[in-house]
Amino acid sequence: MTKTISLGEPPKTGNLYLKAALGAVPLPLVAGRKSEIPDRAIELKGVQVDADNLAAYCHATGLRFGDSLPLTYPFVLTFPLVMQLVVARDFPFVAVGAVHAENVIERTREISVSEPLDFHAHVENLREHPKGLLVDAISEVRVGRELVWRQVTTFLHQQRTSLSGGPKPEPKPEETPPPPLRTLRVDQAQIHRYAAASGDRNPIHMSALSAKAFGFPRSIAHGMWSAAAILGAIEGRVPAQSTYSVKFGKPILLPATVNLYADQVSDADGTAGWDLSLKHPKKGYPHLTATLR
């Protein structure tokens with residue numbers, strides 16, 4: 001039976017990162033990590049959006065600050081709940097250093113800044129991958145009984161698994177990318193602004209020194225920063241009811257300039273939407289590919 005933890009206020013991300021760091025240190029007389037995800041969930045009700053935080057988020061991502069929440073902003077609101085689940089000592093892996101692999105957002109309508117919001121989060125579907133372990137964090141936002149926003153965030157913790165060590169696929173040849181719709185510039189100062197607004201201060205984003213401790217040559221941009229920033233290219237044309245599916249490719253090493261692409265499409269069933277991507281400007285490989293329908 002699922003144990004649901006009801007909170008009276010959002011968890012403090014500073015405390016959560018301290019707990020995450022301590023969780024990476026083995027302690028005597030403390031039970032080791034479990035091989036299954038603990039059956040627990042977290043809920044928080046009656047949250048009012050902090051307009052100053054929303055403004056800081058929009059400044060960091062380049063999105064418009066207005067009366068409705070940007071499509072990706074509820075990720076910031078629900079992130080502390082998810083983090084509290086994954087920093088627990090009995091979670092299958094250490095939270096620090098885990099990276100975003102995929103993200104799917106489903107929004108049923110626009111959400112007003114003034115609406116009180118109820119959050120619910122849990123983690124499920126632990127599975128192996130050649131590069132490590134994957135889990136899905138499910139976050140839901142309700143206004144009263146109405147589900148207005150739902151997200152599935154897939155995290156990858158890099159480690160050896162039974163699927164590791166197999167033959168590697170042939171590297172794809174580098175290709176010259178086509179001319180972009182526009183270019184997107186990001187540096188460490190902007191990512192620091194995003195980290196402050198989002199509360200996501202994973203060391204892989206904060207400095208080259210801390211990123212190197214987790215195997216990255218330089219600090220990297222947050223996946224959800226790029227997922228938000230790319231929407232600026234089609235802002236004003238994002239449907240109120242929409243599904244936004246994102247896959248993250250090679251990380252964006254800071255500082256960087258990347259090519260942005262946004263193509264209006266229509267699927268075979270007549271569903272209209274956008275295909276979006278961020279690509280390396282010289283080698284052409286994707287940092288992010290996404291669909292908005």
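The values are calculated or read from the model by the stated rules, or taken from the named source; none is laboratory data. A quick note: this is a predicted structure, and the numbers were derived from the prediction, not measured. Quick reminder, even Gly has a Cβ in these numbers, built from the backbone with ideal geometry, and neighbours come from all protein chains shown. For the accessible areas, the whole protein counts, side chains as well, though only heavy atoms, and no ligand, DNA or RNA atoms are used. Shrake-Rupley method; radii C 1.70, N 1.55, O 1.52, S 1.80 Å.
Tabulated data for the structure shown
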{"read-out": "Extreme residue, positive dipole direction of the chain, given options 1, 41, 281 (C-beta unit charges)", "value": "281"}
{"read-out": "Net charge of neighbours whose Cβ lies under 14 Å from the Cβ of residue 161, counting Lys and Arg as +1 and Asp and Glu as -1", "value": "+2"}
{"read-out": "Exposure ranking of 145, 201 by accessible area [1.4 Å probe, largest first]", "value": "145, 201"}
{"read-out": "Residue-averaged [θ]222 nm for the chain, counting only DSSP H segments that reach four residues, each worth -39500 (n - 2.57)", "value": "-6000 deg cm²/dmol"}
{"read-out": "Descending semi-axes in whole angstrom, ellipsoid equivalent of the chain, from the Cα gyration tensor", "value": "28, 26, 19"}
{"read-out": "Dipole magnitude (debye, nearest 20) for the stretch 106-250, charges at Cβ of Lys, Arg, Asp, Glu", "value": "420 debye"}
{"read-out": "271, 13, reordered so the largest accessible area comes first (probe 1.4 Å)", "value": "271, 13"}
{"read-out": "Probe 1.4 Å - accessible area at residue 5, Å² to nearest ten", "value": "50 Å²"}
{"read-out": "Heavy-atom accessible area per residue - the stretch 227-293, 1.4 Å, Å²", "value": "44 Å²"}
{"read-out": "Cα-only radius of gyration and Dmax that characterise the stretch 206-265, units Å", "value": "14.4, 42"}
{"read-out": "Global geometry of the stretch 50-183, whether rounded, prolate or oblate, following the gyration tensor of its Cα atoms and the 1.5 cut on a/c", "value": "oblate"}
{"read-out": "Dipole moment magnitude, nearest 20 debye, the chain about Cα centre, only Lys, Arg, Asp, Glu C-beta charged", "value": "940 debye"}
{"read-out": "Given charges at Cβ of Lys, Arg, Asp, Glu: the chain dipole, positive-most of 57, 220, 155", "value": "220"}
{"read-out": "At least 30 Å along the helix axis (C-alpha) and Kyte average at least -0.5, DSSP helices within the chain", "value": "none"}
{"read-out": "Counting all C-alpha pairs of the stretch 243-290, share separated by more than 17 Å (%)", "value": "38 percent"}
{"read-out": "Local electrostatic count at residue 118 - Lys and Arg +1, Asp and Glu -1, tallied over other residues with Cβ under 14 Å", "value": "-1"}
{"read-out": "Solvent-accessible surface (1.4 angstrom probe) belonging to residue 210, in square angstrom, nearest 10", "value": "30 Å²"}
{"read-out": "Convex hull projection area averaged over all views, the stretch 105-228, Cα basis, nm²", "value": "11.4 nm²"}
{"read-out": "In nm, spacing of pseudo-spin labels at residue 207 and residue 164 (7 Å Cα→C-beta vector)", "value": "2.8 nm"}
{"read-out": "Potential extension, residue 65-residue 106 segment - 0.36 nm per residue separation minus Cα distance", "value": "12.7 nm"}
{"read-out": "Too-long pairs where the Cα-Cα distance tops 19 Å, listed order kept, from 250/282; 168/250; 12/131", "value": "12/131"}
{"read-out": "Residue-normalised accessible area of the stretch 97-213, given per residue in Å² at a 1.4 Å probe", "value": "54 Å²"}
{"read-out": "Heavy-atom SASA rank of 182, 64, 127 (probe 1.4 Å, accessible area, largest first)", "value": "64, 182, 127"}
{"read-out": "Translational diffusion coefficient (Stokes-Einstein; Kirkwood radius from C-alpha pairs) of the stretch 168-233 at 25 °C, 0.890 mPa s, in µm²/s", "value": "178 µm²/s"}
{"read-out": "Whole-percent carbon and sulfur share, accessible surface of the stretch 1-155, 1.4 Å", "value": "54 percent"}
{"read-out": "Calculated FRET value between residue 4 and residue 176, using beta carbons and R₀ = 41 Å, to 0.05", "value": "0.20"}
{"read-out": "Accessible area of residue 277 in the full protein assembly, 1.4 Å probe (Å², nearest 10)", "value": "20 Å²"}
